[in-house]
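Just so you know, all these numbers are worked out from the coordinates, no wet-lab data involved. The shown structure was predicted, so the numbers you read here are calculated from the model rather than taken from an experiment. FYI the Cβ positions are ideal-geometry reconstructions off the backbone, even for glycines, and counts take in every protein chain you see.
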Amino acid sequence: MAIPDSLQAVKTRIAAACVAAGRPPEAVQLLVVSKTFPAAAVREAFDAGARAFGENYVQEGLAKIEELGDLRSQMQWHLIGPLQSNKTKPVAERFDWVHSVDRLKVAQRLSEQRPAGLAPLNICLQINISAEASKSGLLPADAAALAHQVAALPGLSLRGLMAVPEPGPGALAQHQAMAALWARLQAEGLPLDTLSLGMSADLEDAIAAGSTMVRVGSAIFGAR
Ligand SMILES: *Cc1c(COP(=O)(O)O)cnc(C)c1O
């Protein structure tokens, strides 16, 4: 399928999932995940109306931001992959969002390195909701403490939580656990408006649970 058609098909899935969940369609934003696909494919998605793009790898993302510099003011770039503390500077300078913060040190560096002339960098904390040893993200029990610390950093704007639930029969329960954690932090006074949850295979479960931003790659660009 051509990119404009698959983009439309994903928007239709999101709208149907919102209807099924009794939520307004504008409650869920689409983040187009362009990792491994060339800048030309991103431009095609942009021409078809997409504005928010997610990248996993810092160098690859920076190269695409540069190559698509003519569109920069109309696009949002989100880093959704792991971030080492020695790579924070170009991310603080060039990206709009980071979804994968799971340590105070990384958050502090991003805050210090965010240029004064730019709006604060939007942050989601990545939660290891399946609590698997192999997965990145912080454990749910540690989320509140880090959220309060990140919320206090001047160069950052804490927006919410992100997770990659483990596929399978337990997936919906993990999506629901994320939504419950998000609501708990809101109840503690943190002004969170983003629950970054759901990918090509599980966006319906995520939207049913309360996701406000789905991150979709292969359903738009094809298999990687
Ligand atoms: C690759 C990736 C996605 C998109 O996955 P698809 O299955 O291609 O939709 C979303 N979130 C993260 C963190 C990813 O690494």
Over the chain, the sum of -39500 (n - 2.57) across DSSP H runs of at least four, divided by residue number and rounded to 500 deg cm²/dmol, gives at 222 nm -12000 deg cm²/dmol
Fewest-first ordering of M1, M178 by Cβ atoms within 10 Å yields M1, M178
Which order results if D142, D70, D47, D96 are arranged by neighbouring Cβ count within 10 Å, fewest first? D70, D47, D142, D96
What list do you get for T12, T36 if you sort them by fewest beta carbons within 10 Å? T12, T36
For I127, net neighbour charge (Lys/Arg +1, Asp/Glu -1) across residues whose Cβ lies under 10 Å away: -1
Neighbourhood charge, 12 Å Cβ-Cβ cut-off, centred on V101 and excluding it, Lys, Arg +1 and Asp, Glu -1: +3
Relative contact order in percent for the chain (Cα pairs under 8 Å, 6+ apart) equals 21
With a sphere of radius 10 Å drawn around the Cβ of L172, what net charge do the other residues whose Cβ falls strictly inside it have (Lys, Arg +1; Asp, Glu -1)? -3
Can you count the Lys pairs in the chain with C-alpha separation below 28 Å, eight or more apart or on different chains? 16
Under the classification rounded if a/c is under 1.5, otherwise prolate if a/b is larger than b/c and oblate if not, where does the stretch 109-216 fall, given a ≥ b ≥ c as square roots of the Cα gyration tensor eigenvalues? prolate
Applying the span-like rule to the chain (DSSP H, Cα extent along axis at least 20 Å, Kyte-Doolittle mean at least 0.0) gives 3-21, 171-187
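Assuming 0.692 mPa s and 37 °C, estimate D for the chain with Stokes-Einstein, Rh taken as the Kirkwood radius over Cα pairs, in µm²/s.
Result for D is 187 µm²/s.
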Under Karplus coefficients 6.51, -1.76 and 1.60, residue-wise ³J(HN,Hα) of the stretch 27-36 in Hz, glycine/proline x: 6, 10, 8, 9, 9, 8, 8, 9, 4, 6
Between the stretch 126-200 and the stretch 6-35, what is the C-alpha centre distance in whole Å? 20
So how far apart, in nm, are the two label points at A133 and L71 if each is 7 Å from Cα heading toward Cβ? 4.3
